[in-house]
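I have placed the structure first, in the form of structure tokens, so that the comments after it can refer back to it.
The values are calculated or read from the model by the stated rules, or taken from the named source; none is laboratory data. None of the values given here were measured: they were computed from a predicted structure. Here the Cβ positions follow ideal geometry from the backbone for every residue, glycine too, while neighbour counts run over all protein chains shown.
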Amino acid sequence: MWAGAWRAAVTTHGVAVYGQPVFAGVYLSGDFDGLGMHATGADVVTSLCLVQLIVAVGVWVRLRRAWPFLVTLALAAAETVQYFAGTAGALWLHIPLGVFTVAAATLLFAAAWLRPLVRREAADA
Amino acid sequence: MRDGLTRRRVLAVGGALGAMAAGGLGLAAGLARHPAATGAELRSAVPLPPPYRVPLPLPEVLRPVATTGGTDRYELVQREATAEILPGVRTRLWTYGGTFPGPTIESRRGRPVTVTHRNELPVPTVVHLHGGRTPAESDGYPTDLVLPRGWGATGGHGDGHPDGGTGHHGGGMRDPRAVTSELTRAYTFPLDQRPTLLWYHDHRMDFTAPAIWRGLAGLHVVRDDAEDALGLPAGPRELPLMITDRAFAADGSLDYPSLDPALRTRPGVREPYLAGVLGDVILVNGAPWPVHEVDAARYRLRVLNASNARHYELAFVDEGDGRIREFQQVGSDQGLLAGPVTHSTLPLAPAERHDLVFDFSRVPVGTVVRLVNRLGSGRTRDVMAFRVTRRARDDSRVPRVLSTDLPDWRRADAVRVRDFSFRAGRMGADGGHGWLIGGRAFDPARTDVTVRLGDVELWRLVADVHHPVHLHLTGFRVLTRGGRDPLPHDAGLKDTVSLRPGESVELLTRWDGYRGRYLFHCHNAEHEDMGMMANLEVV
């Protein structure tokens, strides 16, 4: 159950993250509504990251796997910085950090689907 | 496969990616400009004077040649002149009437002014009154050129047809509607508009930026009885401050990276300066880092940024304790605010005007108050200084209500919404670097926007880098900035709004006054010359 929830959380979060550069591109092409989409997208991404963080806590507790939580925590930190860099107009930070965040979400998506999360047994620990 | 994916290897790959990301962000932090700035700075090749030695010049007020028939008539000769801007350095300028800035024109609301310009410069010119509510035929459309003597014969343009912007990066552009004249042209300004500080400057197709740089700019004040009755500081306690940046070549001339130094055929600047030309000398009313002696009293400072591309964030610094002193803003581009707004710093983009009141009685006599640019670095942080020399009586005041005639347009009044992007792109036949509005470079023969006289419209602008966007003919309200409430300095009625990188604004305006062909454009003068203008037809 927690393995499935982890994959679902990482997938929805990843899809939302992929929307952000799309909306940014629409906005910078001169479509004012793109900014609203990018801002709403930021709220959605941040919320989904929080969901993923909660699921990762469950994974840690139930499956005794810590790395999903640690990776998601790092991602949440990056997205928080990204959020404020965006609203502050600090594009030197916002653009590269956005690209790196998308790359991290991509890696996480691949890891979630290529590497099954099985419960770590006591002997394994 | 499973064997290859050891814990150690995953950690190594993850660590390497983390290090790459951290390195990338560090590089971005190191390479990027803080604060963000658009343009490249020229370095002067002559020694620069120390600050606060030269007294602040005040441009002469032009005397009318006639005041009969309800119109004030003026004459101005555009000619080359030599001036000593830096002490001991002689600099050739293009001027209105022999001085830089040109003489100030003082006018009253609703009383028409006719200015007959005579072009004795070596190139065509055209005069635009920035912020003026002016009929199209006197608005200084970029191809409505006043040709100098012999221009057609000597072939300023390649094919000998001096009909306007033929050389748009080799685009071979024609403007069938251009109205050119030989040597002179009379511009009539009805000035049926709110009292404010306007400025006149050259607006020649493809060559506006270098022409302003060489000196073709002057002030034009509109006043009315209601403003006079407010009791704001006046007379010697009202100071116009035209702020510009320039750079000087080794021979004392104004340095500018033109592709064609004669400014005759080939427009544009050298590649590194495509984003805008910045100088390393700050001039106020044509003097480098000047100083002005003031009474310990309120002063009205009417500030214009006439720089091509430099942005300022103005602040008053008390030399005594090094603290930033607050001041009041009473007006903006298109006249008085509803009430004064207190600031400690104030951004000022190219072509914007701020009407400020600073109270020098709040600092001890003998204090030097420096006006600084917080966006500058090194010597471009300094702008000018005020030396408080004596105690004095002060009958001036800043009323809580400054005006009640600001338009009350609301979002719901807009009959149309228009979106425009302001960004870099390729333009012309050769696909050179340029600046585009809505993906297109300026073409005088193409109507980009048609508006109906009397309509209220909502305009939504998005920028890639800094773009101070100016609409001719009209004033507008800034509704939102970056999707949020406008900033304190967006108050009042504006005609130029400064978009920062990645930023958007929503404007509300009513097309009012006159029908005909007008412009809107980026007032980074280099961007303006390299495509970032669009036609607006009022029908």
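Wholly within segment B:377-458, which strands (runs of 3 or more DSSP E) include no fewer than the required count, namely at least 3 residues that are assigned by TED's automatic domain parsing to the domain that holds residue B:475 and buried (at least 18 other Cβ atoms within 10 Å of the Cβ)?
Passing ranges, in order: B:416-427, B:432-437.
Please state which one of B:234, B:262, B:297 is hydrophobic (A, V, I, L, M, F, W, C) and under 22 Å from residue B:194 (Cβ atoms).
Being hydrophobic (A, V, I, L, M, F, W, C) and under 22 Å from residue B:194 (Cβ atoms) holds for just one of B:234, B:262, B:297, which is B:234.
How many of the residues making up segment B:333-366 are touching a Lys or Arg at 6+ places or on another chain (Cβ under 6 Å) and of a type in the set (Gly, Ala, Ser)?
Qualifying residue count for the region: 2.
Could you say which residue among B:275, B:262 is within 24 Å of residue B:95 (Cβ to Cβ), part of a loop (DSSP other than H, G, I, E, B) and of a type in the set (Gly, Ala, Ser)?
Answer to the check: B:262.
Looking at B:84, B:80 in this structure, which one is away from chain A (no Cβ under 14 Å) and within 29 Å of residue B:377 (Cβ to Cβ)? Reasoning before the result, please.
Working: B:80 fails: within 29 Å of residue B:377 (Cβ to Cβ).
After ruling out the rest, the residue left standing is B:84.
Take the residues in segment B:23-46 that are surrounded by fewer than 17 Cβ atoms within 10 Å (Cβ to Cβ), in contact (Cβ under 8 Å) with a residue 12 or more places away in the chain and within 19 Å of residue B:381 (Cβ to Cβ); name whichever of them is farthest from the other protein chains (Cβ to nearest Cβ).
Only one residue tops the list, namely B:43.
Name every residue in segment B:1-22 that is in a helix (DSSP H, G or I) and either within 10 Å of chain A (Cβ to nearest Cβ) or in contact with a strand residue (DSSP E or B) (Cβ under 7 Å, 6 or more places away or on another chain) (or both), in order of residue number.
B:7, B:10, B:11, B:13, B:14, B:17, B:18, B:20, B:21, B:22, listed by residue number.
Of the residues B:48, B:76, B:62, which is under 25 Å from the mean Cα position of the chain (by Cα) and in the same structural domain as residue B:140 (by TED's automatic domain parsing)? Steps first, please.
Working: B:48 fails: in the same structural domain as residue B:140 (by TED's automatic domain parsing); B:62 fails: in the same structural domain as residue B:140 (by TED's automatic domain parsing).
Of B:48, B:76, B:62, the one residue that is under 25 Å from the mean Cα position of the chain (by Cα) and in the same structural domain as residue B:140 (by TED's automatic domain parsing) is B:76.
Just one of B:492, B:502 is within 9 Å of another protein chain (Cβ to nearest Cβ) and outside any strand (DSSP E or B); which is it?
One residue alone meets the criteria, B:502.
With (1) more than 17 Å from residue A:97 (Cβ to Cβ); (2) buried (at least 17 other Cβ atoms within 10 Å of the Cβ); (3) modelled with pLDDT of 95 or more as the list, and residue A:63 as the residue in question, which single condition is left unmet?
Looking at each condition in turn, residue A:63 falls short on (3).
Could you pull out the residue among A:46, A:72 that is closer than 16 Å to residue A:111 by Cα and at pLDDT 95 or above? I'd like the intermediate steps shown before the answer.
Values: A:46 fails: closer than 16 Å to residue A:111 by Cα.
Criteria check complete, one pass: A:72.
One line per residue, one yes/no per condition, for (1) under 18 Å from residue B:18 (Cβ atoms); (2) more than 14 Å from chain B (Cβ to nearest Cβ); (3) hydroxyl-bearing (Ser, Thr, Tyr):
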{"residue": "A:29", "(1), (2), (3)": "no, no, yes"}
{"residue": "A:38", "(1), (2), (3)": "no, no, no"}
{"residue": "A:44", "(1), (2), (3)": "no, yes, no"}
{"residue": "A:59", "(1), (2), (3)": "no, yes, no"}
{"residue": "A:72", "(1), (2), (3)": "yes, no, yes"}
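Checking residue B:526 against (1) touching a helix residue (DSSP H, G or I) at 6+ places or on another chain (Cβ under 8 Å); (2) within 14 Å of chain A (Cβ to nearest Cβ), which test does it fail?
(2)
Within segment B:474-487, can one find any residue that is within 27 Å of residue B:192 (Cα to Cα), part of a loop (DSSP other than H, G, I, E, B) and not assigned by TED's automatic domain parsing to the domain that holds residue B:315?
Checked segment B:474-487: at least one residue is within 27 Å of residue B:192 (Cα to Cα), part of a loop (DSSP other than H, G, I, E, B) and not assigned by TED's automatic domain parsing to the domain that holds residue B:315.
Scan segment B:185-193 and give yes if some residue there is on the phi > 0 side of the Ramachandran plot, surrounded by 16 or more Cβ atoms within 10 Å (Cβ to Cβ) and at pLDDT 95 or above, otherwise no.
yes
For segment B:298-335, name all the residues that are surrounded by fewer than 19 Cβ atoms within 10 Å (Cβ to Cβ) and part of a loop (DSSP other than H, G, I, E, B).
Once the filter is applied, which keeps residues that are surrounded by fewer than 19 Cβ atoms within 10 Å (Cβ to Cβ) and part of a loop (DSSP other than H, G, I, E, B), segment B:298-335 yields B:319, B:320, B:321, B:322, B:323, B:326.
Determine the pairs where a residue that is without any contact (Cβ under 8 Å) to a residue 40 or more places away in the chain, located within segment B:265-280, has a partner that is surrounded by 18 or more Cβ atoms within 10 Å (Cβ to Cβ) with Cβ atoms under 6 Å apart, the partner being 6 or more residues away or on another chain.
As it stands, the answer is B:270/B:257, since those pairs meet every condition given.
Please identify the pairs in which a residue from segment A:91-115 that is facing another protein chain (nearest Cβ under 8 Å) and more than 15 Å from residue A:6 (Cα to Cα) has its Cβ atom under 7 Å from the Cβ atom of a residue that is in a helix (DSSP H, G or I) and among the β-branched types (Val, Ile, Thr), counting only partners at least 6 apart or on another chain.
Every condition considered, the pairs that remain are A:97/A:81.
Looking only at segment B:370-390, which residues are in contact with a helix residue (DSSP H, G or I) (Cβ under 8 Å, 6 or more places away or on another chain), β-branched (Val, Ile, Thr) and within 17 Å of residue B:302 (Cα to Cα)?
Answer for segment B:370-390, where residues must be in contact with a helix residue (DSSP H, G or I) (Cβ under 8 Å, 6 or more places away or on another chain), β-branched (Val, Ile, Thr) and within 17 Å of residue B:302 (Cα to Cα): just B:372.
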